[in-house]
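Asks: Here it is, the structure in full.
The values are calculated or read from the model by the stated rules, or taken from the named source; none is laboratory data. Predicted model, so just to flag it, every value in this text is computed and none were measured. With ideal geometry, Cβ positions are generated from the backbone for all residues, glycine too; neighbour counts draw on all protein chains shown.
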Ligand code: BEZ
């Protein structure tokens, strides 16, 4: 049997990434995955890897539905896709409505599910901490506004988790019924058999640039200390032009940038800045107090 022509399975939207790229182009890039119906791939596994080296993925849902076949994940350093959406806090436009703010945009597989519920309670509890860091939380799932509202009311009225109860979720939860936002952000995995979004988290800076993203499976709740550490870390990197070593926490030493010329490197290793330690030319650390970190993240 001949595979369906690849052209017919390409989405028609214009995009710089609209050509097949094979697997190598996938990591940290906007990508578009060519797909064939799952049924066909199961019956003929050989179709998956074509002579050209292009890897076909099973299409999400109905292969005739071109809208479901793409996976565009914005990469690190790329502009976060714009969108408008209905939310539990009204209509929003991104990025216009959030000028000057950091954004944590996170998706979840569905309303009235236990892991998601526990996460919403943690996000809600930490709302003031994220506010203080100038960060807007934006949740998303592929579901109706009425369902989102009913779920948030249930959380407020019935659920207790880690001592948190009577919690009002004040950040917007996007009702992405058309999957418009989920598709722009690659939140639906290629090959997924449902429209449930995976647990992605995008950290977007005030210039609208994607600075970090994380992806968790449906059954593993996110670590909220780490979410906050990432936000504080990115703000510290920007405020002080430093890099942050493994397991960095506010108050730990940071990594000073290495020089870009022989002379600058000789100068830096010979006479490090006050308090700095250079172990070799490429690994110099220096103190950065918790107070300075707090000052650098104040909004
Ligand atoms: C949850 O949030 O509990 C969940 C969602 C989708 C699949 C499994 C668990």
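Asks: So residue 219 passes all but one of these: (1) touching a helix residue (DSSP H, G or I) at 6+ places or on another chain (Cβ under 8 Å); (2) not in a loop (DSSP other than H, G, I, E, B). Which condition number does it fail?
Replies: Going through (1) touching a helix residue (DSSP H, G or I) at 6+ places or on another chain (Cβ under 8 Å); (2) not in a loop (DSSP other than H, G, I, E, B) one by one, residue 219 breaks only (2).
Asks: Same structure, new question: Any chance you could count how many residues in the range 236-256 are surrounded by 12 or more Cβ atoms within 10 Å (Cβ to Cβ) and assigned to a loop (DSSP other than H, G, I, E, B)?
Replies: At the first step, the residues of the range 236-256 found to be surrounded by 12 or more Cβ atoms within 10 Å (Cβ to Cβ) are 236-240, 242-245, 248-256.
Narrowing further to those that are assigned to a loop (DSSP other than H, G, I, E, B): 242, 244-245, 248-253, 256.
Number of matching residues: 10.
Asks: Right, something else. Report whether or not residue 58 is at pLDDT below 95 and within 24 Å of residue 220 (Cβ to Cβ).
Replies: On the way: at pLDDT below 95: yes; within 24 Å of residue 220 (Cβ to Cβ): yes.
Taking the combined requirement at face value, the residue satisfies it.
Asks: Now a separate question. Anything in the range 257-299 that is in a strand (DSSP E or B) and in contact with a helix residue (DSSP H, G or I) (Cβ under 9 Å, 6 or more places away or on another chain)? List them, or say none. Steps first, please.
Replies: Step one: filter the range 257-299 for residues in a strand (DSSP E or B), giving 277-280, 283-286.
Scanning the range 257-299 gives 278, 280, 284.
Asks: List the residue pairs whose Cβ atoms are under 7 Å apart, where the first residue sits in the range 272-299 and is on the phi > 0 side of the Ramachandran plot, the second is part of a loop (DSSP other than H, G, I, E, B), and the two are 6 or more positions apart or on different chains.
Replies: 275/287
Asks: A further question follows. Sort out which residues of the range 93-110 are surrounded by fewer than 18 Cβ atoms within 10 Å (Cβ to Cβ) and either closer than 29 Å to residue 193 by Cα or within 16 Å of the ligand (Cβ to nearest atom) (or both), and write them in order of number.
Replies: 110
Asks: Looking only at residues that are in contact (Cβ under 8 Å) with a residue 12 or more places away in the chain and exposed (fewer than 15 other Cβ atoms within 10 Å of the Cβ) in the range 111-144, which one is farthest from the ligand (Cβ to nearest atom)?
Replies: 132
Asks: Please state which one of 210, 198 is away from the ligand (no atom under 16 Å from the Cβ), in contact with a strand residue (DSSP E or B) (Cβ under 8 Å, 6 or more places away or on another chain) and in contact (Cβ under 8 Å) with a residue 60 or more places away in the chain. Steps first, please.
Replies: Details: 198 fails: away from the ligand (no atom under 16 Å from the Cβ).
Just a single option satisfies the conditions, and that option is 210.
Asks: Yes or no: residue 86 touching a helix residue (DSSP H, G or I) at 6+ places or on another chain (Cβ under 8 Å) and either in a helix (DSSP H, G or I) or at pLDDT below 95 (or both)?
Replies: Working: touching a helix residue (DSSP H, G or I) at 6+ places or on another chain (Cβ under 8 Å): yes; either in a helix (DSSP H, G or I) or at pLDDT below 95 (or both): no.
No.
Asks: I've got another one for you. Quick one: would you say residue 191 is within 14 Å of the ligand (Cβ to nearest atom) and modelled with pLDDT under 95? Give the derivation first.
Replies: Numbers: within 14 Å of the ligand (Cβ to nearest atom): no; modelled with pLDDT under 95: yes.
No, not satisfied.
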